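Working notes, beginning with the structure itself.
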Amino acid sequence: MVIRFSARSAGMEAHPDGDYPFLMAGLSEYADGSGRGLTFQCGLSEPDEQDRALGMDSYCVSNELGLTEYGGVREVSLRNRTLRVVLDPNAAAGLGLDDAVIEVELEVDDESVSQLRDGLRRILTYGPLEARPEIVEPG
């Protein structure tokens, strides 16, 4: 069964300072950031040897439980304010999900949808080619 929920908060943030500068795009069920949610992150610099050795040389996906998986997204699309994410079954299990398909209705303004779309395009193309999902553009 597909996991479905509505998000009242979505967008993208860059965190260029600190020991690990990163880009983050995410969404949450409630405007205050609580409830169900997904966050996608990647570094702002290329992965180094330590990242590769630890399997952290790709984007990561986290959920509201604080569970995180590196890579693991097979496909993502954002059409008509619906974000559809298809995860690898192992990534879904690692995130504690009962299904590998997530559909989120975005109940946010156009700017937030645009930020989320731009962030996902940048984040999900970070890291090795084999970890990159198919990004389905609106038709």
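The values are calculated or read from the model by the stated rules, or taken from the named source; none is laboratory data. This structure is a prediction, so every number in the text was calculated from the model and none was measured. Here Cβ is always computed from backbone atoms with ideal geometry, including for glycine, and neighbour counts include all displayed protein chains. These area figures cover heavy atoms from the full protein model, side chains too; ligands, DNA and RNA do not enter into them. Shrake-Rupley method; radii C 1.70, N 1.55, O 1.52, S 1.80 Å.
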| field | In the range 35-61, the residues that are open to solvent by 30 Å² or more (accessible area, probe 1.4 Å) and either assigned to a strand (DSSP E or B) or free of Cβ contacts under 8 Å to residues at least 24 places away in the same chain (or both) | value | Thr39, Gln41, Glu46, Asp48, Glu49, Gln50, Asp51, Arg52, Ala53, Leu54, Gly55, Met56
| How many of the residues in the range 62-76 are in contact with a Lys or Arg (Cβ under 8 Å, 6 or more places away or on another chain), in contact (Cβ under 8 Å) with a residue 60 or more places away in the chain and of a type outside the set (Asp, Glu)? | 1
| note | Residues of the range 42-66 being polar (S, T, N, Q), out of contact with any helix residue (DSSP H, G or I) (no Cβ under 6 Å at 6 or more places or on another chain) and over 21 Å from Glu103 (Cβ atoms), in sequence order, are Ser45, Gln50
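Filter the range 1-16 for residues that are within 24 Å of Asp99 (Cβ to Cβ) and open to solvent by 70 Å² or more (accessible area, probe 1.4 Å) and give the result. Explain how you work it out, then say what you get.
Within the range 1-16, the first condition is being within 24 Å of Asp99 (Cβ to Cβ), and the residues that meet it are 1-10.
Within the range 1-16, Met1, Arg4, Arg8 meet the criteria.
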| task | Can you work out which of the residues in the range 17-27 that are assigned to a strand (DSSP E or B) and in contact with a Leu (Cβ under 8 Å, 6 or more places away or on another chain) is surrounded by the fewest Cβ atoms within 10 Å (Cβ to Cβ)? | result | Phe22
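Given the criteria touching a residue at least 40 places away in the same chain (Cβ under 8 Å), aliphatic (A, V, I, L, M), farther than 20 Å from Asp51 by Cα and buried (at least 20 other Cβ atoms within 10 Å of the Cβ), does Leu124 qualify? Before the answer, list the steps.
Numbers: touching a residue at least 40 places away in the same chain (Cβ under 8 Å): yes; aliphatic (A, V, I, L, M): yes; farther than 20 Å from Asp51 by Cα: no; buried (at least 20 other Cβ atoms within 10 Å of the Cβ): yes.
No; evaluated as a whole, the condition is false for this residue.
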| message | Take the residues in the range 62-95 that are in a loop (DSSP other than H, G, I, E, B) and of a type outside the set (D, E, K, R); name whichever of them is nearest to Ser112 (Cα to Cα). | response | Asn80
| Given the conditions (1) within 10 Å of Gly127 (Cα to Cα); (2) of a type in the set (Ser, Thr, Tyr); (3) modelled with pLDDT of 90 or more, and given that Thr39 satisfies all but one, which numbered condition is not satisfied? | (1)
| task | Say whether the condition of being open to solvent by less than 30 Å² (accessible area, probe 1.4 Å) and free of Cβ contacts under 8 Å to residues at least 40 places away in the same chain is met by at least one residue in the range 95-111. | result | yes
